[in-house]
Amino acid sequence: MNTTVALELKNISKRFGDKYANKNVDLTLNKGEILAILGENGSGKTSMVNMIAGIYYPDEGEIFVDGKPVVITSPKDAFKYKIGMIHQHFKLVDVFSASENIVLGIKEKGRFKMAQVDRKVAEITQRYGFQLDPKKKIHEMSVSEKQTVEIVKVLYRGADILILDEPTAVLTPQEIEKLFDILRRMRDDGKSIIIITHKMNEVLSLSDRVAVMRRGEHIATVETAQTNENELTEMMMGEKVELNIERTEPKNVKDRLVVENICSKNSDGITVLDNISFTARAGEILGVAGIAGSGQRELLEAIAGLYHIDDGKIVYHNPENDEEENLRDKTPLQISQLGVRLSFVPEDRLGMGLVGNMDIVDNVMLRSYKRGKSMFLDRKNPHDLAMELIEELHILTPDEHTPVRRLSGGNIQKVLVGREISAAPSVFMAAYPVRGLDVNASYSIYNLLNRQKELGVAVIFVGEDLDVLLELCDRIMVIASGQVTGIVDARSATKEEIGLLMTAHNTQGGSSNE
């Protein structure tokens, strides 16, 4: 491997107020290599790459490109030094074509000659193995096609150093493998690539070296071929951590939630839930897999009473009295009080049930406020619960009275998921509960879900990582374009089988059985 240094950080520090996001970071990226950045939530990964990309400016230290000191104060400066960042959330104009998005913002004398742009885009895609129609509109594209546009956009501008933030979060296994093949070709062509991911199997299969961050500091950079998952996790956490999902056999399984032929259209008249049927059972974890935007969110919000459905039934078998109740006839508050809880982690984590200016204790209290119970006046119980969540989920916070908006995104997420689980639900729906979480925190959440299952809770888990779905769940339901394309036994299914179902048309007619 080429050991010529493409990018170097020397003694880089960044503070927000009196807190260090990064402290005295030294890091090198070689030409023609893929460097993975690992670290728990709040470890300084994002702030570090944001300084390389020109989004933040360091308080101390120097950045070198090709051995020369550079000053990067904006993304425009970063492009001047051939640095491009591909963000997790795409920044594209839906009504523009791929080529129009790729050249958007580039200054050109006179009008762009789009035929020449299309040819250059085609050259880039052919060189690295992308599949992209330059004339196709963004709103007509799949998620992987949109990501391709973002990558080609920085290559078109001449980037030799690429930073990818969680690039596989919304891709199928087949799309991930294609992306990795492309990244390897780019590396072999001399490109230098930084990838941020929390999926340890991706780090080990793709990267050449791994840089580990902990509490804002660079702990070590190691050769990927000479390390393993446990060693990397120990470096991240500063202590030995067991990474095992101990899936138990379901016991005393009972039907808890029966969804029958529910259908729904959005405000544009487009069908988003198409004749969906399934059963969630007490004492088991039902996984939900599908490409982002296939209807997973609408399905869970429909069960929680937050999304209108046009047809079908959602029957809840109440464990208190064994009576059947149609949730379609109930308000979100009534559904929640029955014990059906939704913990959804969207892009805006503060928009789903947490108040940013309130501290962890007060956010824990929110659930009891509406009912006017004494807990609203007695802060001891919520305080004790907040301290338990901080300890068990390793929430990085100065103290329990810190406003949640000051926490990192992953730590905000832990507060949300932990609070909902602490409410002792009978049905617990967790949508992307580990999105953006470090490996240790993710396993803490998996173990919490397993505990809920063992307590007789019906758990519905929407996840992105198929390895985790196969290891954690008892059954996996696959949704594609608002339809159930299959329900499989997680103990015997394969990633390839699920990946094919994620892109299939309805083959099962919404059956609720395996």
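Just so it is clear, none of the values below were taken in a lab; they were calculated from the coordinates. All figures in this text were calculated on a predicted structure; none of them were measured in a lab. All Cβ positions, even for glycine, are placed from backbone atoms using ideal geometry, and neighbour counts span all protein chains on display.
What ranking do 429, 141, 365, 387 get, fewest neighbouring Cβ atoms within 10 angstrom at the top?
Details: 429 26, 141 20, 365 23, 387 16.
Ranked by crowding around the Cβ, least crowded first: 387, 141, 365, 429.
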For a quick size check, give me the Cα extents of the stretch 93-134 along its three principal axes, largest first, whole Å. 31, 22, 15
May I ask you to evaluate 6.51 cos²θ - 1.76 cosθ + 1.60, the Karplus curve with θ = phi - 60°, for each residue of the stretch 83-95 and list the ³J(HN,Hα) values in order in whole Hz, giving x for glycine and proline? 10, x, 10, 9, 7, 5, 9, 5, 10, 10, 9, 4, 8
Which of (i) 422; (ii) 158; (iii) 132 is the computed volume of the Cα convex hull per residue in Å³ for the structure on display? (ii)
Which cross-chain or sequence-distant (5 or more) residues have an amide H under 5 Å from the amide H of residue 265, H modelled 1.01 Å from N in plane? 272, 310
Order of 164, 27, 204 under a 10 Å beta carbon neighbour criterion, fewest first: 204, 27, 164
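For n ≥ 4 DSSP H runs only, could you compute -39500 (n - 2.57) per run for the chain, divide by its residues and tell me the 222 nm figure to the nearest 500?
On the way: 16 runs with 163 residues, N = 514.
Result for the chain: -9500 deg cm²/dmol, rounded to the nearest 500.
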With a point put 7 Å past each Cα toward its Cβ, work out how far residue 143 is from residue 221 in nm, to one decimal. 3.1 nm
Amide H within-cut-off set for residue 7, under 5 Å, with H built and near neighbours excluded: 29, 66
Once amide hydrogens are built 1.01 Å from N within the peptide plane, the residues lying 5 or more places from residue 214 or on another chain with amide H under 5 Å from its amide H are 219
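Neighbouring Cβ atoms within 10 Å as the yardstick, rank 330, 153 fewest first.
330, 153
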Vicinal HN-Hα couplings computed from phi for the stretch 47-52 (Karplus, 6.51 cos²θ - 1.76 cosθ + 1.60; Hz; Gly/Pro x): 4, 5, 5, 5, 6, 5
re the stretch 1-99: pairs of Cα atoms spaced beyond 18 Å account for a percent value of 52 percent
Fraction of beta bridges assigned by DSSP in the chain that are antiparallel (%, nearest 5): 55 percent
For the stretch 205-215, in order, what is each residue's ³J(HN,Hα) by Karplus, 6.51 cos²θ - 1.76 cosθ + 1.60 with θ = phi - 60°, in whole Hz (x at glycine and Pro)? 8, 9, 7, 8, 9, 10, 9, 9, 10, 8, 6
